[in-house]
Each structure stands twice: as structure tokens, then as C-alpha cells.
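This report refers to the structure that appears directly beneath it.
Values quoted throughout were computed directly from the atomic coordinates according to the rules given, and no laboratory measurement underlies them. No experiment lies behind these values; they were computed from the predicted model shown. Here the Cβ is made from the backbone with ideal geometry for all residues, glycine too, and neighbour counts use every protein chain on show.
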Amino acid sequence: METYLGTILLVPYDFVPNGWAACDGASLQVSQYQALYSLLGNRFGGTAPQTFALPNMLPSTPANCKYIIALEGLYPQRP
């Protein structure tokens, strides 16, 4: 099954798989992740139009787990 771009998962391991990023509020370049930026915009931070931030879910992460977000995948169709 293919993952949708921007999908957030809670995983029980201490690494981030290829094609994913930790939901730790990191800043990303819009030029490198244009499709993800089109979904998230600057709602989690950043300085448009150069950067945007991933959601920071560290405060709500259960012990020994990690929230990750898909940097690759199918672009979700809007209704």
C-alpha cells in the first residue's frame, strides 16, 4: 500500500525510515519539498516563501515512540 504524502504515523522504534522525517518542528526548504509545502503551508512555522516547518509533536509523543511524517508518497486528492 502506498502512503499519502504528509501522512503522520506513531512508530515504536528510535529511527526515522528513508522518505520520512521526525515530527520535531524542523524547518525545511520549500524548493526541496514543494508538494509537502502545498499541503502544510506555514501553519507550523517557517518564513514563506523560503521555508516551512514540520509539526512538532515531541511534547505529546509517548515514551519510546516517535511521530514521523511522509516526505514522499501519493499526493492526496482534494474534494
Residues whose built amide H sits under 5 Å from the amide H of A26, excluding neighbours closer than 5 in sequence, are L54
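Consider all pairwise Cα distances in the chain and report the whole-number % of them above 15 Å. Walk me through the numbers before you get to the answer.
Working: 1688 of 3081 pairs.
Tail fraction, whole percent: 55.
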Asserting the computed 222 nm helical MRE of the chain (DSSP H runs at least 4 long, -39500 (n - 2.57) per run, divided by residue count, to nearest 500) equals -2000 deg cm²/dmol
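How much net charge surrounds A53 when only the other residues with a Cβ under 14 Å from the Cβ of A53 are counted, with Lys and Arg +1 and Asp and Glu -1?
Values: positive: R43; negative: D24.
Counting the neighbours of A53, the net charge comes to 0.
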Residues whose modelled amide H sits under 5 Å from the amide H of W20, counting only those 5 or more places away in sequence or on another chain, are L71
Sorted by chain and number, the residues with a modelled amide H under 5 Å from that of G45, at a separation of 5 or more or across chains, are A53
